[in-house]
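The values are calculated or read from the model by the stated rules, or taken from the named source; none is laboratory data. Since the structure is predicted, the reported quantities are computational estimates derived from the model, not experimental observations. Surface accessibility is based on the protein's heavy atoms, side chains included, excluding ligands, DNA and RNA. Shrake-Rupley method; radii C 1.70, N 1.55, O 1.52, S 1.80 Å.
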Amino acid sequence: MKRVALLALLFASGAIAQTRHNTNAPIDFGADTIELQDRANRAVLSGNVAVRQAEMSLNAARMTVSYTGQVVGGNPQVSRLDAAGGVVVRRPDQTARSQYAVYDLNRRIITMVGAVSLTQGANTVNGGRLTINLDTGRAVIDGSSVRGGTGAGNVTTAPSGRVTGTFSVPNRD
């Protein structure tokens, strides 16, 4: 129980906390190829996909960009980004890595699954699933893992069901 209290204290103090993100900023992207699927309201980007929104970047091998079908000011309204293959999300002083990620722009939440690692400075936390709330800055990692994809029913508890990591401590001379 002491260990859980210590971890809660470390997270509350900002050891791995995220800061608020500007989810209204435009999304810039680059990829080797893009396939527009207008009837399905989506675009599929593949090959060295790089996306940037404000101070946050997201890189992956492949990404599906879903939009609502509404056009505002000549621009389709993006609602969701699904990334797969070596996913890396970078924010100032923080890097998260996983196999898959979903950025729900309407809820302003990023969910990363599969061999998740969150690093801030010398601090690292590993688990199966990471959820980042971009409004509150809260990041939660649990021991879930992915089996066979990210669809419903494919998220299971990892055999160890544990979150692991390393927290640095100040030098005490």
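S57 contributes an accessible area of around 20 Å² to the protein surface, as traced by a 1.4 Å probe with all chains present.
3J(HN,Hα) along segment 83-90: 10, 9, x, x, 6, 10, 10, 10 Hz, from the Karplus curve 6.51 cos²θ - 1.76 cosθ + 1.60 with θ = phi - 60°, whole Hz, x for Gly and Pro.
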